[in-house]
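Novice: Just dropping this structure here.
The values are calculated or read from the model by the stated rules, or taken from the named source; none is laboratory data. The structure displayed is predicted, hence computed values, not measured ones. Positions of Cβ are generated from backbone atoms using ideal geometry, with glycine treated the same way; all protein chains shown enter the neighbour counts. Just so you know, the surface numbers come from the protein's heavy atoms only, side chains and all, with ligands and any DNA or RNA stripped out. Shrake-Rupley method; radii C 1.70, N 1.55, O 1.52, S 1.80 Å.
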Amino acid sequence: MTHSRWVRNRYTRRVAHWVRRLYALLFGPDGLEQAGNHGASAPAMPAWLQEEMLTLAALEPELLPPGAGVDRYAFYAVPMDVAPGRVFDAISQAIGSLPYSHVLLIPWLKQGGADRGILYHCNAIVESNAKARILVLSTEKATSPWASRLPPQATHVDFGGLCASLDFNQQVAVMTRVLVQLRSPLVHLVNSRVGWEMILRHGLALTQHSRIYASIFCDDYDQRMNPVGYARDYLRYCYPYLSAVICDNSCYPRIWTRELGIPASLFTVVPFPYDGTLPEAADVALSADSAARVLWAGRLDRQKRPDLLAAIAAQMPDVQFDVYGAQVMSGAAGQDLQRLRSLTNVTLHGEFNRLEAVASSEHFAYLHTTAWEGTPTILFDVAAARLPICAAAVGGIVDFLATQDMVAVADDVDGFVQELGRLRASAALRNARVKRQVESLRRDRGWSDFRQRLRELDGYLTPDTAAQHKSQTDGTQE
């Protein structure tokens, strides 16, 4: 249990040596191997041990059962699972021995709004502290193509891949040991179930040397539209160990305070910034006067409501819908995709890399259908591309778009059709909406504003690395 790996390994080897000698004395040199063989019968109790028990029974009769037999005494093999130790060693080698000022626990790094937010946080940290060293642990067994976008001061370790052979409980145990021994002054949790479970079980131990921040963006919803997700599963039990919960919108902190009883003071709203270049012609829409197409881009999953998209497209047969995004739906939900494919005015283009590459002057609007949201960062790209947005007043969208530019009810098909019809018919309306969108980007989504919000979080950008280094040194000496 000591912090020094060398001391720990030395005494572990000694204990293992004496355990092997004990088994050899009791059961012969092949006893341990036979005990681990599931098909072999358990070895009998040694005769010398039976004799000692019979002798000692004169002093303590309860050592023996009634009668002359000792059948109730069964052989017990000490369970030894070395797999977590081997994984821990592999992770320790990947992490290295230098101290880290920040540790981020994430599921993966790939295309997505939350993943963009992770990169924003890392860049803000290194801009504020040139000596910062960031450890990014991705906890799901998945590829992280965006890991190459991390700043040079960040080290990415594929925790999920290295732990793939372990069950969930063992992964939590290994992660806990890693963070307890790292003693990083700041840990930031973003959408990692292993991380949340670790805080639930061992939050008090982790807070002895680390401030813990968590980012939660919105609830998810099940088939019955009941709220589920990290906030519902963990927040009520874990919030005493958190320094703050960071949210990109003002909607869900109010919901969680009201429905879960979480103190409002725990939440800090940090809107994500726009990381691109603002357009020069901010009051002129990209759309041509004769534009007759609608752009839709995002994941084709239940949250993004492909059924709603299909219903809207079916009511506008004279409008062409360009749909971009990965298809991740299956089973009964996949019927919505079949309906989209059956519409002659819908073209499914597949995945895309950048919104700017698929937006064109042929589009008179960008359609955003969704059942729930935090703040979809793709809307920032759409605004910068000078396409008018047609979206419902859901989640953090209300923090970005003007009230008059949103459909009031998320599943109002007629409302979407009417709004798209108005945008198609009026170039002046398109220009006015684009102007408001770009103004919102400029006013509320600046990089300096994002950094200032993080600076207001106590110790987030510049934690006490000197104290952290001292705690690691003291732990080694112990």
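Novice: Hey, any hits in the range 415-427 for a residue that's under 29 Å from P253 (Cα atoms) and buried (at least 18 other Cβ atoms within 10 Å of the Cβ)?
Specialist: Step one: list which residues in the range 415-427 are under 29 Å from P253 (Cα atoms), which gives 415-416.
From what's left, buried (at least 18 other Cβ atoms within 10 Å of the Cβ): 416.
Yes: one or more hits.
Novice: Name the residue, out of F159, F168, that is hydrophobic (A, V, I, L, M, F, W, C) and open to solvent by less than 40 Å² (accessible area, probe 1.4 Å). Can you show your working first?
Specialist: Numbers: F168 fails: open to solvent by less than 40 Å² (accessible area, probe 1.4 Å).
Result of the check over F159, F168: F159.
Novice: Using beta carbons and a limit of 6 Å, which pairs, at least six apart or on different chains, have the first residue in the range 360-376 and under 21 Å from L423 (Cβ atoms) and without any contact (Cβ under 8 Å) to a residue 60 or more places away in the chain and the second one aromatic (F, W, Y) and not in a loop (DSSP other than H, G, I, E, B)?
Specialist: none
Novice: Right, E259: open to solvent by 60 Å² or more (accessible area, probe 1.4 Å) and either modelled with pLDDT under 95 or charged (D, E, K, R) (or both) or not?
Specialist: yes
Novice: At pLDDT 95 or above and surrounded by fewer than 21 Cβ atoms within 10 Å (Cβ to Cβ): does that describe D222?
Specialist: On the way: at pLDDT 95 or above: no; surrounded by fewer than 21 Cβ atoms within 10 Å (Cβ to Cβ): yes.
No, not satisfied.
Novice: Go over the candidates S148, S92, S101 one by one and state the one that is open to solvent by 40 Å² or more (accessible area, probe 1.4 Å) and either in contact (Cβ under 8 Å) with a residue 60 or more places away in the chain or more than 18 Å from S215 (Cβ to Cβ) (or both).
Specialist: Details: S92 fails: open to solvent by 40 Å² or more (accessible area, probe 1.4 Å); S101 fails: open to solvent by 40 Å² or more (accessible area, probe 1.4 Å).
The match here is S148.
Novice: Could you run through the range 283-297 and say how many residues are open to solvent by 20 Å² or more (accessible area, probe 1.4 Å) and part of a loop (DSSP other than H, G, I, E, B)?
Specialist: Within the range 283-297, the subset open to solvent by 20 Å² or more (accessible area, probe 1.4 Å) is 283-284, 286, 288-290, 292-293.
From what is left, the residues that are part of a loop (DSSP other than H, G, I, E, B) are 283-284, 286, 288-290, 292.
Within the range 283-297, residues that are open to solvent by 20 Å² or more (accessible area, probe 1.4 Å) and part of a loop (DSSP other than H, G, I, E, B) number 7.
Novice: Mind listing just one residue for me: the one in the range 207-219 that is in contact with a helix residue (DSSP H, G or I) (Cβ under 7 Å, 6 or more places away or on another chain) and surrounded by fewer than 20 Cβ atoms within 10 Å (Cβ to Cβ) and, of those, nearest to E373 (Cα to Cα)?
Specialist: Restricting to residues being in contact with a helix residue (DSSP H, G or I) (Cβ under 7 Å, 6 or more places away or on another chain) and surrounded by fewer than 20 Cβ atoms within 10 Å (Cβ to Cβ), the top hit is D219.
Novice: A follow-up question, please. Output the number of residues of the range 318-335 satisfying the condition of being part of a strand (DSSP E or B) and either among the hydroxyl-bearing types (S, T, Y) or modelled with pLDDT under 95 (or both). Before you say what the answer is, go through the steps one by one.
Specialist: Filtering the range 318-335 for residues part of a strand (DSSP E or B) gives 320-324, 327.
Checking which are either among the hydroxyl-bearing types (S, T, Y) or modelled with pLDDT under 95 (or both) leaves us with 324, 327.
Final tally of qualifying residues: 2.
Novice: Filter the range 225-251 down to residues that are assigned to a helix (DSSP H, G or I) and open to solvent by 60 Å² or more (accessible area, probe 1.4 Å) and give me whichever is farthest from F267 (Cα to Cα).
Specialist: The initial filter retains those residues of the range 225-251 that are assigned to a helix (DSSP H, G or I), namely 230-241, 251.
Pick out the ones that are also open to solvent by 60 Å² or more (accessible area, probe 1.4 Å) and you get 233, 236-237, 239-241.
On the way: D233: 17, R236: 13, Y237: 15, Y239: 10, P240: 13, Y241: 13 Å.
Top of the filtered list is D233.
Novice: Still on this model: Looking only at the range 262-282, which residues are assigned to a loop (DSSP other than H, G, I, E, B), in contact (Cβ under 8 Å) with a residue 60 or more places away in the chain and surrounded by fewer than 19 Cβ atoms within 10 Å (Cβ to Cβ)? I'd like the intermediate steps shown before the answer.
Specialist: Narrowing the range 262-282 to residues assigned to a loop (DSSP other than H, G, I, E, B): 262-263, 270-282.
Still in the running and in contact (Cβ under 8 Å) with a residue 60 or more places away in the chain: 270-279, 281-282.
D275, G276, T277, L278, P279, A281, A282, listed by residue number.
Novice: Can you confirm whether M175 is under 20 Å from L137 (Cα atoms) and either open to solvent by 50 Å² or more (accessible area, probe 1.4 Å) or in contact (Cβ under 8 Å) with a residue 12 or more places away in the chain (or both)? Lay out the reasoning, then the answer.
Specialist: Details: under 20 Å from L137 (Cα atoms): yes; either open to solvent by 50 Å² or more (accessible area, probe 1.4 Å) or in contact (Cβ under 8 Å) with a residue 12 or more places away in the chain (or both): yes.
So M175 passes the test.
Novice: Can you find a residue that is over 27 Å from the mean Cα position of the chain (by Cα) and buried (at least 18 other Cβ atoms within 10 Å of the Cβ) anywhere in the range 347-360? Write out each step before concluding.
Specialist: Within the range 347-360, the first condition is being over 27 Å from the mean Cα position of the chain (by Cα), and the residues that meet it are 347-349, 357-360.
Right, trim to buried (at least 18 other Cβ atoms within 10 Å of the Cβ) and you get 359.
Yes, the range 347-360 contains a residue that is over 27 Å from the mean Cα position of the chain (by Cα) and buried (at least 18 other Cβ atoms within 10 Å of the Cβ).
Novice: Taking A365 as the residue in question, decide whether it is over 29 Å from the mean Cα position of the chain (by Cα) and surrounded by fewer than 24 Cβ atoms within 10 Å (Cβ to Cβ).
Specialist: Numbers: over 29 Å from the mean Cα position of the chain (by Cα): yes; surrounded by fewer than 24 Cβ atoms within 10 Å (Cβ to Cβ): no.
No, not satisfied.
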